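This report refers to the structure that appears directly beneath it.
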Amino acid sequence: MTKTPIYLELFETYKRYIILGVLKADDRLPSIRELATEKGINPNTVGRAYAQLEEAGYIVSIPQKGFFVLAQEKDKALLMKAAHTAITVIKKSGLNQEKLLQIVYDVYKESN
């Protein structure tokens, strides 16, 4: 019987937490060093698990800030529906497409 590698156990655990909603979009994960110390494992093991989570689209690494949970497909579908409703209301209010797009560009520019 082969033992599952620790990094895969971490990957599966955090994946499950995200899917079940225990960890939600934009939640910050412990730093690699924090989690390694807490679990008593090598930081490279945590880094490998986080790399797998990032590659699979569950988290994102933001330099100098940490690791954060990404919105999952069901969250994205709800966000798309909310955006559609908001844009419909904005359109009916008379704001033209050019001004709306400028607002969108400005918001994205601010977050970088």
- Item | Average Cα contact separation per residue, the chain, under 8 Å, 6 or more apart, as relative contact order % | 25
- Under a Gaussian network model of the chain whose springs join Cα atoms within less than 10 Å, the largest fluctuation of LEU100, LEU53, LEU35 belongs to LEU100
- Cα-Cα longer than 25 Å, checked against LYS15/LYS76; LYS24/LYS65; LYS3/LYS39; LYS15/LYS74; LYS24/LYS91; LYS39/LYS65, kept in input order, equals LYS24/LYS91
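Let's test the formula: R0 of 22 Å, r as the Cβ-Cβ distance of LEU70 and ASN96. What FRET efficiency results, to the nearest 0.05? Display every interim value, and only then the final one.
Numbers: r = 32 Å, r/R0 = 1.46.
According to the calculation, E is roughly 0.10.
Mean separation of Cα pairs under 8 Å and 6+ residues apart, divided by the residue count of the stretch 6-69: what relative contact order is that in percent? Don't skip to the end; give the middle numbers.
On the way: 64 pairs, mean separation 26.8, N = 64.
Reported relative contact order: 42 percent.
Every number here is computed from the coordinates shown, using simple stated rules; none is lab data. As the structure is a computational prediction, the values presented were derived from the model and not from experiment. Glycine gets a Cβ as well: all are built from the backbone with ideal geometry, and neighbour counts include every protein chain shown.
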